[in-house]
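Visitor: Sharing a structure with you now.
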Amino acid sequence: MELGFGFTTIAIIIVVLYLLSSIKILAEYERGVIFRLGRLLPDAKGPGIILVFAPVDRMVRISLRQEALEVPPQDIITRDNVTLKVNAVIFLRVIEPRRAVVEVSNYVYQTSQFAQTTLRSVLGEQELDELLAHREKINLRLQSILDTHTAPWGVKVANVEVKQVDMPESMLRAMAKQAEAEREKRSKIIHAEGEFSAAQRLVDAAKLLATEPVSVQLRYLQTLTEIGVEKNTTVVFPVPVDIFTGIQKLIGKKEGG
């Protein structure tokens, strides 16, 4: 009797320990993909408490949280033959846990490899100016291509951002010279426009003064007043060119007479 009682107790303890070891707790952001005798169960389990009866059952934990995947720097040759080093960051999350386990061995590694090849091919089709000026458009295209590849695995690529673009020193110097030349060009254009406006105003003023010859004399007197206020030792009196013209005409008439 004592031997039978002891065996029963041991058996109960083993069963209890087995049941306790079969209890699994999944967090709110986790799902358990169960394989029973090698066959995939129809639905992923969780969150909360679930039972996994080993060795009949095998569970694979899948996180549903969004993950950030950094793409290592890639050597890019743009369409205008500029060599760059570009890296990016990908934001992805698992939408269908069963497909993320069954369809691909490692969805993170697979997505990283697709991202590297896609980054090289897409940026290789762009010119340097397009890459720097239209980065948002390039990000959307990268996201669309990657999402198309990862959709069969139950993985959603939420966003792709080109993180950093490293250019050679020679290209940085060339871009600095180009920017400096552009600023100088704008400066000369603004200066020329100012000169044109000033010349136009002088023409308008000359036309206005020509309507009343007396106004020219008043302008001369005003100029003398301004010179006198400054207390200069030398006074320059402006003489109209018309006076010299008139004198030349008189001299010409006398010589002709």
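Just so you know, all these numbers are worked out from the coordinates, no wet-lab data involved. Please read these numbers as outputs of a predicted model, since none were measured by experiment. No Cβ is skipped: glycine too gets one built from the backbone with ideal geometry, and neighbour counts run over all protein chains shown.
Visitor: Please report the spacing between the Cα centers of the range 58-85 and the range 1-55 in Å, no decimals.
Guide: 39
Visitor: Same structure again: Sequence gap at least 6, Cα distance under 8 Å: using those rules, report the relative contact order of the range 19-62 to the nearest whole percent.
Guide: Details: 77 pairs, mean separation 20.8, N = 44.
Once normalised by length, the contact order is 47 percent.
Visitor: Now for a separate question. Over the range 67-172, what is the mean sequence separation of C-alpha contacts under 8 Å (at least six apart), divided by residue count, expressed as relative contact order in percent?
Guide: Working: 174 pairs, mean separation 41.3, N = 106.
Worked out over the range 67-172, it gives 39 percent.
Visitor: Still on this structure, I have one more. Using the Cβ atoms and a cut-off under 13 Å, what net charge is assigned to the surroundings of residue 185, where Lys and Arg are +1 and Asp and Glu are -1?
Guide: Working: positive: 177, 183, 186, 188; negative: 180, 182, 184, 193.
Once all neighbours under 13 Å are counted, the net charge is 0.
Visitor: FRET efficiency for residue 135 and residue 68, Cβ-Cβ distance as r, R0 = 22 Å, nearest 0.05? Please list the in-between numbers first.
Guide: Working: r = 18 Å, r/R0 = 0.83.
My answer for the efficiency is 0.75.
Visitor: Cross-link list 185/207; 45/137; 85/156; 45/163: which exceed 30 angstrom alpha carbon to alpha carbon?
Guide: Working: 185/207 33 Å; 45/137 39 Å; 85/156 26 Å; 45/163 37 Å.
With Cα atoms farther than 30 Å apart: 185/207; 45/137; 45/163.
Visitor: If you don't mind, there's one more thing I want to ask. Note the full-extension length gain between residue 22 and residue 219 as 0.36 nm times their separation in residues minus their Cα-Cα distance, in nm to one decimal. Write out the running numbers ahead of the final one.
Guide: On the way: separation 197, 0.36 × 197 = 70.92 nm, distance 10.72 nm.
Length gained, residue 22 through residue 219: 60.2 nm.
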